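Asks: Sharing a structure below in structure tokens format, with a few things to ask.
The values are calculated or read from the model by the stated rules, or taken from the named source; none is laboratory data. Since the structure is predicted, the reported quantities are computational estimates derived from the model, not experimental observations. Cβ placement follows ideal geometry from the backbone for every residue including glycine, while neighbour counts extend to all protein chains displayed. Quick note on the areas: whole protein, heavy atoms, side chains included, nothing else; ligands and nucleic acids left out. Shrake-Rupley method; radii C 1.70, N 1.55, O 1.52, S 1.80 Å.
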Amino acid sequence: MSFEKNLLERIASYIPGYVGYKEKEVRRETDALVRRHVASILSAAAAQLTLSPTEARAVAANPEARFLWDSVKAALDKVAQKIDKAQHGYSGFFDLAKVDESVLEEVYRHDLALVETAKRVAEAASSLKALRPLSQEWLDALRQILAQLQSLDSAVDERSRILDAIKTPPQPQWESGGRKRGLLDRLLGRG
């Protein structure tokens, strides 16, 4: 429980108002809060990715640099849109009265990973301004940002899979003979 509390405190240090998913009534709001926060971090990172007209012409003239620059900008936009425009709420997860603590801990870990990875992307985008475009350091920084964005994209997909899996009901327990015995069958001693 203290580990879960530590996770909640770490996430709340990044996202004011984050209360977790234990209370059924606030799950949708918490999910939206996390997604809006990560999307705003990524939007701020995208705003950092600017070039002067002279730098833009130089990047456009270099195929490798142009490819990396365009790839980073496209990946940043893709991930920001994916998380921001995701369907609000996963009905099964948000409708469950009680969710297993270990599952909640996994969701909390993914929330924290999303926020921290988005912060690293924003920091890397900000530090890119200090580098000279077309230099090897600048190209390496673009590759690093692209790798972080791909990791973030995978984390968004994984979080969706986790929340979707929560809403999937457990398989029924079939008794011998291939027929499921209900409460009435058991009470009346039927087969």
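Asks: Determine, yes or no, whether Gly177 is at pLDDT below 90, open to solvent by less than 70 Å² (accessible area, probe 1.4 Å) and either more than 11 Å from the chain's Cα centre (by Cα) or β-branched (Val, Ile, Thr) (or both).
Replies: It is false that Gly177 is at pLDDT below 90, open to solvent by less than 70 Å² (accessible area, probe 1.4 Å) and either more than 11 Å from the chain's Cα centre (by Cα) or β-branched (Val, Ile, Thr) (or both).
Asks: Now for a separate question. Residues in the range 72-81: is at least one under 30 Å from Ile162 (Cβ atoms), charged (D, E, K, R) and at pLDDT below 85?
Replies: Checking the range 72-81: not a single residue is under 30 Å from Ile162 (Cβ atoms), charged (D, E, K, R) and at pLDDT below 85.
Asks: When the residues of the range 33-90 are filtered to those that are more than 17 Å from the chain's Cα centre (by Cα) and of a type in the set (Lys, Arg), which remaining residue is nearest to Ala124 (Cα to Cα)?
Replies: Lys73
Asks: Let me ask another. Checking Glu64 against (1) open to solvent by less than 20 Å² (accessible area, probe 1.4 Å); (2) closer than 18 Å to Gln136 by Cα, only one condition comes out false. Which one?
Replies: Answer for Glu64: the failing condition is (1).
Asks: Among all residue pairs at least 6 apart or on different chains, which show Cβ distances below 8 Å where the first residue, located in the range 42-66, is more than 26 Å from Asp153 (Cβ to Cβ) and the second is among the small types (Gly, Ala, Ser)?
Replies: Going by the 8 Å Cβ cut-off, the qualifying pairs are Ala58/Ala65.
Asks: Please go through the range 115-138 and give me each residue that is over 14 Å from Ala44 (Cα atoms), open to solvent by 10 Å² or more (accessible area, probe 1.4 Å), touching a helix residue (DSSP H, G or I) at 6+ places or on another chain (Cβ under 8 Å) and hydrophobic (A, V, I, L, M, F, W, C), ordered by number.
Replies: Of everything in the range 115-138, those that are over 14 Å from Ala44 (Cα atoms), open to solvent by 10 Å² or more (accessible area, probe 1.4 Å), touching a helix residue (DSSP H, G or I) at 6+ places or on another chain (Cβ under 8 Å) and hydrophobic (A, V, I, L, M, F, W, C) turn out to be Leu131, Leu134.
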